[in-house]
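Enquirer: Sending over a structure as structure tokens; questions will come in a sec.
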Amino acid sequence: MDLWTKRLSIRWIAPITIGGLVILVAGVLGLVAYVQGQNAAQELIDTSLRKVRSRVEGELDGLLDLPPRINRINVRLLDKGALDPDDLRAWRETLFVICDSFERLSSICWGDTKGRATWIARYPGNDRYDYAIKDDETGDYIEEFLFDEKGRIGGVPKGIYKYDPRVRPWYTTCLESGKPTWSEPFGWVHQDGSLVTLGLSYAQPYRDADGNLVGVIDAELSLHDVSSFLESMPPSVSGLSFVTDHRGRLIATSAGIPVADDKLNPLPATAAEDARIAEAARAIGETGELQLQKRVRFELHGKPYLVEIAPYRHYTGIHWQVASVVPMEDFLGPVQEANARVLAIGIGASLIAILAGVLLGFRFAAPIRALVRHARRIGEGDLKSRIRLDQTSEFVQLTGAMNEMAEDLEDRMKLRESLALAMEVQQSLLPSEDPDAYQLQVAGHSKYCDETGGDYYDFLDVSGNADHTLTVAVGDVMGHGIAAAMLMATARGILHSRTKTPGRLCELLTHMNAILVRDTAGERFMTMQLCTIDADLRRMRWASAGAGAPLMYDPSTDRFPTFGRGGLPLGLMEAVTYKERVVDDLAPGTILFPSTDGVWETRNPEGEEYGLDRLQQLIRTHAHESAEELRRRIRSAVEAWRGGKGQDDDITFVVIKLLGVEEEPVTAGGTARPRSR
């Protein structure tokens, strides 16, 4: 097939191909119509079930997310003292506001270890809330009142009966698990017996500051609300949906049937009053334990049905199953009518297609061949070549796009050359090798995430400093790319120019900030760490603009001491002054680690940062090794943490190790140098 199409012109390929397809279509048209009808029916079923499943899962997510959120609110109120466990009557207004704000919430309950309790509940079919209180005034009895629309209650209880929260399922289940948990579905009965439904509670223990149990806070949902939602969106004209728990018991249905037996125990789906649900549950049960989404066919009264069941899991531990039952006749009737229309349209379209193929093949052959020739010229490097075809608006757009592509390629080639030059220039601004410093081991590293970057480190020769001192600068410009690289180069020039004049580190930063603010108008900024290490005096002087002090590991205490924060980043505000701080009595083996935040903010493929804790532990573990070994280990650890994920930020750091009196400094190549100034 490929061989002869390569030798033929499109003028002949189009009519030959279309003619052959028409002949094939004529022979299999009946089969196509049948298959298309089945596919259409399946597509309709898939679309309907997918829509129902998605909306049911979304509704369940919304409902089941609500109790944990309400409990978190109430726990915070308890922690802050806004809800006083010893004054339950003062809770009424707060609980009413919360319930009234979340209309799908059925109840908020509280019970303590002394048997005192209060709740606000909305029973199915009621627009108003019930309020109940059991405290020292009511004794063993709980008094229940009815709220009006403004949240007020009358003076006479609507019901008084014995009640102990400590024996209720929401209370006992929570204490047995020792953590926030859902109860099993339980009977929720209005005190006058007029309304019966199943409830589901999410309760969690509340403890005081000493860990002693104070009580249990509970938020409840009525499963009647789930059934009401299912009734509002059937999967087909005569289909239905139902939800079961992990034990196959009914949670809710769209059929308007009871989900609990006379003893208020949840009914098994196989015992449902609706034969469609019972038969569907039996068909599902015959397929074995449910692990993934499944579809099963069954017959009822001679009619074929399809049931789809999918597992539903909520992050709080709920494991349910969502099932949709649809009769096949709901979908096959419209599909058969559509098949007849498709057949008639297909025959007419085939005849038209033959004629159109002949005409289009001749019409488009010439401009397509011209496009091929033009594309070949561009591929050979003739980026200045241009083409214009005006047979149709599509060809006009296509040739315009190809001309723009050639121009863009030409610009990209120039830009790539410029970026390569910029990268070469910027790399030349960084130190070419680590310095040979008195009684210090030094190893620097910088890697950009783009061709050019905004990170910078340097070893400065500050006028007036003693020969046996080392001054290190580490900077980080906001952003990446050319703009950041230009600001970095500007900052480096300012810094090197200022180091020719004696002065303190803080004066260097103040001078740099004044010039950068004038150049950037405060729209771009950079952070900077400056530190001078005097190995003879065992002293470090440092100043910082927006970056804090260099990370330091003290082997004598096995700690990473903190020294406060620096000033504002450079380039943000005028008239900013910076402070220089001094750290004395550095212990032999001390590790100094000035760096940018790209080191510990490196993320793995799951989005988790490497973090300061891992970095500090790595330095602590290998503090006995040389600065060069530490540089290699840190670089390898960060790259391994990143895995196959691309680098998001520039990474720059310098490892400085203060040697002991008897130690020999080691150069980057691993050889010792003479101990001299």
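Enquirer: Tell me which residues, restricted to the stretch 603-627, are more than 21 Å from Phe459 (Cβ to Cβ), in a loop (DSSP other than H, G, I, E, B) and in contact with a strand residue (DSSP E or B) (Cβ under 7 Å, 6 or more places away or on another chain).
Expert: Within the stretch 603-627, just Ala623 meets the criteria.
Enquirer: Further, regarding this structure: Across the stretch 608-621, which residue is farthest from Met528 (Cα to Cα) among those that are open to solvent by 30 Å² or more (accessible area, probe 1.4 Å) and without any contact (Cβ under 8 Å) to a residue 12 or more places away in the chain?
Expert: This residue is Thr621.
Enquirer: I've got another one for you. Based on this model, can you work out whether Leu267 counts as modelled with pLDDT under 80 and touching a Pro at 6+ places or on another chain (Cβ under 8 Å)?
Expert: no
Enquirer: In the set Ser238, Ser227, which member is in contact with a strand residue (DSSP E or B) (Cβ under 6 Å, 6 or more places away or on another chain) and without any contact (Cβ under 8 Å) to a residue 60 or more places away in the chain?
Expert: Among Ser238, Ser227, only Ser227 is in contact with a strand residue (DSSP E or B) (Cβ under 6 Å, 6 or more places away or on another chain) and without any contact (Cβ under 8 Å) to a residue 60 or more places away in the chain.
Enquirer: Let me ask something additional. Identify, from the list Gly598, Gly566, Gly607, the residue that is on the phi > 0 side of the Ramachandran plot and small (Gly, Ala, Ser).
Expert: Gly607
Yes/no per residue for (1) assigned to a strand (DSSP E or B); (2) modelled with pLDDT under 90:
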position	(1), (2)
Val156	no, yes
Gly199	yes, yes
Ala203	yes, no
Val216	yes, no
Ala219	yes, no
Ser238	no, yes
Ala255	no, yes
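Enquirer: Checking Pro180 against (1) buried (at least 18 other Cβ atoms within 10 Å of the Cβ); (2) under 13 Å from Arg92 (Cα atoms): exactly one of these is not met. Which one?
Expert: Status for Pro180: all satisfied but (2).
Enquirer: Sticking with this structure for a sec: Any idea how many residues of the stretch 165-174 are open to solvent by 50 Å² or more (accessible area, probe 1.4 Å) and either modelled with pLDDT of 90 or more or touching a Lys or Arg at 6+ places or on another chain (Cβ under 6 Å) (or both)?
Expert: Number satisfying all stated conditions: 2.
Enquirer: Continuing with the same structure: Say we look at the stretch 631-665 and pick out the residues that are surrounded by 20 or more Cβ atoms within 10 Å (Cβ to Cβ), over 24 Å from Thr527 (Cα atoms) and out of contact with any Phe, Trp or Tyr (no Cβ under 8 Å at 6 or more places or on another chain); which of these is modelled with the lowest pLDDT?
Expert: Checked the stretch 631-665; the qualifying residue modelled with the lowest pLDDT is Leu659.
Enquirer: Check Thr47 against each of (1) in contact with a Cys (Cβ under 8 Å, 6 or more places away or on another chain); (2) farther than 23 Å from Ile318 by Cβ and name the one condition it does not meet.
Expert: It fails just one condition, (1).
Enquirer: Among the candidates Tyr438, Tyr457, Tyr448, single out the residue that is modelled with pLDDT of 70 or more, of a type in the set (Ser, Thr, Tyr) and open to solvent by less than 20 Å² (accessible area, probe 1.4 Å).
Expert: Going through Tyr438, Tyr457, Tyr448 in turn, the sole match is Tyr457.
Enquirer: Under 8 Å between Cβ atoms, at least 6 apart or on separate chains: pull out the pairs that start in the stretch 263-277 with a residue that is more than 16 Å from Thr197 (Cα to Cα) and end on any residue that is hydroxyl-bearing (Ser, Thr, Tyr) and open to solvent by 20 Å² or more (accessible area, probe 1.4 Å).
Expert: Final answer for the pair search is Arg276/Tyr305.
Enquirer: Any idea how many residues of the stretch 183-197 are open to solvent by 30 Å² or more (accessible area, probe 1.4 Å), assigned to a loop (DSSP other than H, G, I, E, B) and at pLDDT below 70?
Expert: 5
Enquirer: Looking only at the stretch 143-154, how many residues end up being closer than 20 Å to Asp87 by Cα and either modelled with pLDDT of 90 or more or open to solvent by less than 40 Å² (accessible area, probe 1.4 Å) (or both)?
Expert: 5
Enquirer: Another question, if that's okay. Go through Asp210, Asp274, Asp245 for me and flag whichever is touching a His at 6+ places or on another chain (Cβ under 9 Å) and either within 23 Å of Arg104 (Cβ to Cβ) or modelled with pLDDT of 90 or more (or both).
Expert: Asp245
Enquirer: Could I ask something else about it? Among the residues that make up the stretch 221-241, is at least one of them more than 22 Å from Asp112 (Cα to Cα), open to solvent by 30 Å² or more (accessible area, probe 1.4 Å), polar (S, T, N, Q) and over 35 Å from the mean Cα position of the chain (by Cα)?
Expert: The answer is yes; a qualifying residue exists.
Enquirer: If you take the residues of the stretch 291-313 that are in contact with a strand residue (DSSP E or B) (Cβ under 9 Å, 6 or more places away or on another chain) and not in a strand (DSSP E or B), which of them is nearest to Leu240 (Cα to Cα)?
Expert: Once the filter is applied, the top-ranked residue is Gln293.
Enquirer: Right, another one. Hey, does the stretch 289-304 have a residue that's free of Cβ contacts under 8 Å to residues at least 12 places away in the same chain, out of contact with any His (no Cβ under 6 Å at 6 or more places or on another chain), polar (S, T, N, Q) and open to solvent by 10 Å² or more (accessible area, probe 1.4 Å)?
Expert: No, the conditions are met nowhere in the stretch 289-304.
Enquirer: Looking at Ile257, Ile217 in this structure, which one is open to solvent by less than 50 Å² (accessible area, probe 1.4 Å) and touching a helix residue (DSSP H, G or I) at 6+ places or on another chain (Cβ under 7 Å)?
Expert: Residue meeting the stated conditions: Ile217.
Enquirer: While we're looking at this one, here's another question. Would you pick out the residues in the stretch 242-251 that are in contact with a helix residue (DSSP H, G or I) (Cβ under 9 Å, 6 or more places away or on another chain) and either open to solvent by 10 Å² or more (accessible area, probe 1.4 Å) or closer than 18 Å to Gly317 by Cα (or both)?
Expert: Val243, Thr244, Gly248, Arg249, Leu250, Ile251
Enquirer: Which of the following residues is at pLDDT 70 or above and of a type in the set (Ser, Thr, Tyr): Ser428, Ser418, Ser432?
Expert: Matching residue, one of Ser428, Ser418, Ser432: Ser432.
The values are calculated or read from the model by the stated rules, or taken from the named source; none is laboratory data. These figures come from a predicted structure and were not determined experimentally. Using ideal geometry, Cβ is built from the backbone for each residue, glycine included, and neighbour counts are taken over all protein chains shown. Just so you know, the surface numbers come from the protein's heavy atoms only, side chains and all, with ligands and any DNA or RNA stripped out. Shrake-Rupley method; radii C 1.70, N 1.55, O 1.52, S 1.80 Å.
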